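The values are calculated or read from the model by the stated rules, or taken from the named source; none is laboratory data. Computed from a prediction, not measured in an experiment: that's the story for all the values here. Cβ coordinates were reconstructed from backbone atoms using ideal geometry, including for glycine residues, and neighbour counts include every protein chain displayed.
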Amino acid sequence: MKRIYSALFLCALSYNINAQSVSLPKAYITNSPIGTVENNGSSTAGFSFTESSGVEVPYLTSGKANVNIEVNLQYLQLQKFDVSMVTGSLLEYFTPVYNISTNLLTFEQNSNIPADWSGSVEFPIEVTQNSSKEEFYNGIDATITANDANTNADGNASTFTYTDASVLAVNDLNDLLFEVTPNPTTGIVNIKLQDSEDTKVELFDIIGKSIMTKNYTSLDNISFNIDYLPAAVYLLKVTSNGGATNSIKILKK
């Protein structure tokens with residue numbers, strides 16, 4: 001009987017020694033909303049990491065790094081594509097790599113992680129597309145995985161925000177410095193300006209993604225064709241040479 005209990009004790013001890021548990025408790029973006037593409041919107045993103053089982057996490061299994069973290073950036077990118085701008089205590093045990101083509105920031109374990117260790121990492125981000133308050137698109141999704149069967153590393157940490165309303169906001173019709181006809185339109189858009197001056201015309205989809213930008217010189221009547229676009233609501237933004245900006249929604253049928 002003593003031998004059975006001893007065997008069970010050794011099995012339990014062996015399990016406790018070899019089992020680790022790592023997770024990503026939290027992800028964050030430091031300011032919300034963040035600036036638009038047009039305003040060079042930027043912020044700082046990050047996430048925390050913890051080992052909660054009280055067991056050291058080995059960094060190699062079958063010749064490969066054990067724990068890996070993959071950060072998907074949505075409507076964002078690592079600022080200046082510069083991985084050297086990634087900072088934090090997580091770098092004591094992980095090596096960061098940024099893939100420009102896939103827009104993925106990955107962290108590969110490079111040494112044993114101490115038992116009950118917690119750390120974090122931060123990195124600067126910049127906006128690549130706008131999104132609205134109603135539809136949070138700008139954000140990060142960090143996923144942790146492990147190659148060692150004794151390392152529990154399932155789960156992810158995500159956070160999403162939106163860009164400020166400066167691009168998506170519309171003016172009251174009484175405040176407009178221009179007139180748009182027809183609206184709705186099947187393709188042709190005519191803009192009649194109050195004054196003849198240099199003008200920039202921009203078109204965005206409803207979540208703020210830039211579709212078109214054109215500059216016109218000394219005109220008070222402007223026309224362009226959007227028949228190639230699908231039927232939807234779009235945002236038309238007109239900026240005068242003096243800096244006045246007006247925006248209005250137009251319906252493409």
Which listed residue is under 25 Å from residue 128 (Cα atoms) and assigned to a strand (DSSP E or B), from 180, 189, 238: 238
Flag for residue 187 being within 23 Å of residue 40 (Cβ to Cβ), surrounded by fewer than 17 Cβ atoms within 10 Å (Cβ to Cβ) and either within 30 Å of the chain's Cα centre (by Cα) or not aromatic (Phe, Trp, Tyr) (or both): no
Qualifying residue in region 163-175 (condition: surrounded by 15 or more Cβ atoms within 10 Å (Cβ to Cβ) and either under 30 Å from residue 25 (Cα atoms) or without any contact (Cβ under 8 Å) to a residue 60 or more places away in the chain (or both)): yes
Residues located in region 84-97, provided they are surrounded by 14 or more Cβ atoms within 10 Å (Cβ to Cβ) and either within 14 Å of residue 124 (Cα to Cα) or not assigned by TED's automatic domain parsing to the domain that holds residue 145 (or both): 85, 86, 87, 88, 96
Residue match in region 33-44 (condition: assigned to a strand (DSSP E or B), touching a residue at least 60 places away in the same chain (Cβ under 8 Å), out of contact with any strand residue (DSSP E or B) (no Cβ under 6 Å at 6 or more places or on another chain) and among the β-branched types (Val, Ile, Thr)): no
Near pairs, Cβ below 6 angstrom, 6+ apart or cross-chain, from region 128-153 (surrounded by fewer than 17 Cβ atoms within 10 Å (Cβ to Cβ)) to any residue that is basic (Lys, Arg) and outside any loop (DSSP other than H, G, I, E, B): 147/64
Test for residue 64: is it surrounded by fewer than 16 Cβ atoms within 10 Å (Cβ to Cβ), over 17 Å from the mean Cα position of the chain (by Cα) and of a type in the set (Lys, Arg): yes
Lone unmet requirement of (1) in contact with a strand residue (DSSP E or B) (Cβ under 6 Å, 6 or more places away or on another chain); (2) small (Gly, Ala, Ser); (3) assigned to a loop (DSSP other than H, G, I, E, B) for residue 157: (3)
Region 218-251, subset at pLDDT 90 or above and of a type in the set (S, T, N, Q), residue nearest to the chain's Cα centre (by Cα): 225
Residues (of a type in the set (A, V, I, L, M) and in contact with an Asp or Glu (Cβ under 6 Å, 6 or more places away or on another chain)) located in region 105-114: 113
Failed item, numbered, when residue 34 is tested on (1) under 14 Å from the mean Cα position of the chain (by Cα); (2) under 25 Å from residue 146 (Cα atoms): (2)
Residues being within 15 Å of residue 166 (Cα to Cα) and assigned to a strand (DSSP E or B) - total across region 192-233: 4
Boolean, residue 86 is touching a Leu at 6+ places or on another chain (Cβ under 9 Å), over 30 Å from residue 211 (Cβ atoms) and not aromatic (Phe, Trp, Tyr): yes
Sole exception among (1) surrounded by fewer than 17 Cβ atoms within 10 Å (Cβ to Cβ); (2) in contact (Cβ under 8 Å) with a residue 12 or more places away in the chain for residue 101, by number: (2)
